[in-house]
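To keep things clear, I will list the structure first and then write my remarks on it.
Each reported figure results from applying straightforward, stated rules to the coordinates on display, with no laboratory input. Computed from a predicted structure; not experimentally measured. Cβ placement follows ideal geometry from the backbone for every residue including glycine, while neighbour counts extend to all protein chains displayed.
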Amino acid sequence: MGEITVIFPSVLTSATGGEKEVKVSASSLKDALNLLASRYGEKFKGRIFDSSGGVRRLLNFYVNGKNIQHLGGIDVHLEDGDEVSIIPAVAGG
């Protein structure tokens, strides 16, 4: 289990007490998000997870600049020093 940095978009900082980034010890993205949900509470949890417990569809997660869709999804293994970015999807016409 390594120490990773999670970077939050500005739309999530109201749920993180204003923090824009945080370090956590986790072995997978799923573990990291669950730790953060425990730390920040229901407001954060509701912004990250949908009602079935999966991550919200309009959020994209990147590990060291690579989309987790190409790395095995939310169960992607994290190493010490990894950087996770949470990016809201952009929609419109």
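Just a few scattered comments:
- Backbone HN-Hα couplings from phi across region 47-62 [Karplus 6.51/-1.76/1.60, Hz, Gly and Pro as x]: 7, 9, 9, 8, 5, 8, x, x, 6, 4, 5, 8, 10, 10, 10, 10
- Estimated inter-spin distance, His70 and Asp50, nm [label 7 Å along Cα→Cβ]: 2.4
- Rounded to the nearest Hz, the phi-derived 3J(HN,Hα) couplings of region 35-41 under the Karplus curve 6.51 cos²θ - 1.76 cosθ + 1.60 (θ = phi - 60°) are 4, 5, 5, 5, 5, 9, x, where x marks glycine and proline.
- Shape of the chain, Cα gyration tensor, a/c cut at 1.5: rounded
- Ordering of 22-32, 73-83 by packing is 22-32, 73-83, highest average first (other Cβ atoms within 10 Å, averaged per residue).
- Of the peptides 54-60, 10-16, the ranking by mean beta-carbon count within 10 Å, highest at the top, reads 10-16, 54-60.
- Interchain or long-range residues, amide H under 5 Å from Ser28's placed H: Leu78
- Nonlocal amide H pairs with Asn60, under 5 Å, H built at 1.01 Å: Ile87, Ala89
- Model label points for Met1 and Ala89, set 7 angstrom from Cα along the Cα-to-Cβ axis, are 3.2 nm apart.
- Along region 71-88 the Karplus relation, 6.51 cos²θ - 1.76 cosθ + 1.60 evaluated at θ = phi - 60°, assigns HN-Hα couplings of 10, x, x, 5, 8, 3, 6, 10, 10, 3, x, 5, 10, 10, 10, 9, 10, x Hz to successive residues, with x for each Gly and Pro.
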